[in-house]
Ligand code: ADP
């Protein structure tokens, strides 16, 4: 039996045990109390009869021979008349048995003090001289100036016996309940522990490297939720693992292409091409281009790894998005002019403040603009606009370029994903630009997405959270 099952069983059985013992004790206590009260009222009404039928009817010298004793003796209650100091006066068998001995249990002592007395613990001999425990009752009865005590008692054995019988039944019941509980638990526990055991096995398998694990989810309780989240985690881990493998393969591939090219040209140069200065210059230019591409790739990779690992908060300031866009557009103007493209900026009426890291936001916008320029033909227009909602500022960068096919639109933010590998490479792209942009924007609490009609153009949208206090400050200024 695994330990969680055992622990739960111990808890369960203990709870049943405690509840049953407590309720059993309470039950015995109240049954006994009720029984004692019943006996007390029987003893008291018996005493009434003795007082009414004998004490008040006969002369004290006649008490012992009153015929009523015969009728009273038919009950299992013993009744006596005692003197005011507790010495038996009638009926005859007790007088003979005790002589001038006083009865002095608690009940009689109270009656001597002129009070009604009752005790459940009177120890005395019966007419057979056997010592018994009695439940006894005594009451003073006055006739004229003389006081007598009417004393009635019944053996406590019957009561004690029925109590121990009740106790015995209770113990048996507790034992049966515990056994039934344990059996039920044994079967029910599986429904709780089995999924946990499965999860332990799967987690072990995952730790050993088998990442694609799935466990059945039964219901929505805590265990169901645990199973659901376990599956979710397994899926994410497995995806991450695939991504990692793909990433390494991509990096190797991207580095191999320029390296092969560099090696081919340097070998050719070494084999004699150096002799011809024209060819040598052409080849060395290619080598230089390839080396630059590699260095660009490496710096992009370093940038990504910084974004991945640091996750430390960027230094953020309140930025004027409009001013920032103006500066970045001016920087990109040179590139656009080379293709005779125009960048239009619809300046919003109000200032747009965000919380961000200025060089990083500049880097992202510049990257999106350079893509718009790269993937659009000559003589086209790129328009930049800002839209403000209750919660955020959205920058729209719209071009009239080649566009992005629908099935690629969600993938362009992946590392190394390029719609047209040849074209991207020819433009000096690494396929990492948008992935870096996405990381930076998300680090700012915003997001980036694209919409496009192939052949007509693309619109990239950058969403930033609005910064409100800045707006208030600026109004004050
Ligand atoms: P690259 O270095 O290849 O430009 P990016 O990550 O910047 O890498 O972009 C990924 C791919 O998304 C590009 O290769 C290109 O196919 C596509 N893309 C990005 N921006 C545009 C755009 N404005 N118009 C058309 N295609 C685009």
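Can you tell me which residue is farthest from the ligand (Cβ to nearest atom) among those in the stretch 380-393 that are assigned to a loop (DSSP other than H, G, I, E, B) and within 38 Å of the chain's Cα centre (by Cα)?
Checking each candidate, the answer is 390.
Could you count how many residues in the stretch 94-141 are in a strand (DSSP E or B) and either loosely packed, with under 13 Cβ neighbours inside 10 Å or touching a helix residue (DSSP H, G or I) at 6+ places or on another chain (Cβ under 8 Å) (or both)?
The total comes to 18.
Just need a number here: residues in the stretch 277-303 that are surrounded by fewer than 14 Cβ atoms within 10 Å (Cβ to Cβ) and touching a helix residue (DSSP H, G or I) at 6+ places or on another chain (Cβ under 8 Å).
Final tally of qualifying residues: 0.
So which of 361, 349 is in the same structural domain as residue 456 (by TED's automatic domain parsing), more than 16 Å from the ligand (Cβ to nearest atom), in a loop (DSSP other than H, G, I, E, B) and on the phi < 0 side of the Ramachandran plot? Outline the logic, then answer.
Values: 361 fails: in a loop (DSSP other than H, G, I, E, B).
Exactly one of 361, 349 is in the same structural domain as residue 456 (by TED's automatic domain parsing), more than 16 Å from the ligand (Cβ to nearest atom), in a loop (DSSP other than H, G, I, E, B) and on the phi < 0 side of the Ramachandran plot, namely 349.
Would you check if residue 249 is over 26 Å from residue 201 (Cβ atoms) and in a helix (DSSP H, G or I)?
yes
Do you know which of the residues in the stretch 450-477 that are outside any strand (DSSP E or B) and surrounded by 18 or more Cβ atoms within 10 Å (Cβ to Cβ) is modelled with the lowest pLDDT?
The residue in question is 470.
Given the conditions (1) farther than 17 Å from residue 253 by Cβ; (2) part of a loop (DSSP other than H, G, I, E, B); (3) within 7 Å of the ligand (Cβ to nearest atom), and given that residue 431 satisfies all but one, which numbered condition is not satisfied?
Result: residue 431 passes all but (1).
Going residue by residue through the stretch 297-319, is there one that turns out to be under 29 Å from residue 258 (Cα atoms) and not in a helix (DSSP H, G or I)?
Within the stretch 297-319, not a single residue is under 29 Å from residue 258 (Cα atoms) and not in a helix (DSSP H, G or I).
Looking only at the stretch 394-412, filter to residues that are surrounded by fewer than 22 Cβ atoms within 10 Å (Cβ to Cβ) and part of a strand (DSSP E or B); which one of those is farthest from the ligand (Cβ to nearest atom)?
Within the stretch 394-412, the match that is farthest from the ligand (Cβ to nearest atom) is 394.
Which numbered condition trips up residue 37, out of (1) assigned to a strand (DSSP E or B); (2) under 60 Å from the mean Cα position of the chain (by Cα)?
The one condition residue 37 does not meet is (1).
Pick from 426, 372: which is modelled with pLDDT under 90 and either within 16 Å of the ligand (Cβ to nearest atom) or surrounded by fewer than 18 Cβ atoms within 10 Å (Cβ to Cβ) (or both)?
Sole residue among the options that is modelled with pLDDT under 90 and either within 16 Å of the ligand (Cβ to nearest atom) or surrounded by fewer than 18 Cβ atoms within 10 Å (Cβ to Cβ) (or both): 426.
Answer yes or no: is there a residue in the stretch 437-449 that is modelled with pLDDT of 90 or more, over 30 Å from residue 349 (Cβ atoms), touching a strand residue (DSSP E or B) at 6+ places or on another chain (Cβ under 8 Å) and not in a helix (DSSP H, G or I).
No, the conditions are met nowhere in the stretch 437-449.
The values are calculated or read from the model by the stated rules, or taken from the named source; none is laboratory data. A quick note: this is a predicted structure, and the numbers were derived from the prediction, not measured. Please note: Cβ atoms are built from the backbone with ideal geometry, for glycine as well, and neighbour counts cover all protein chains shown.
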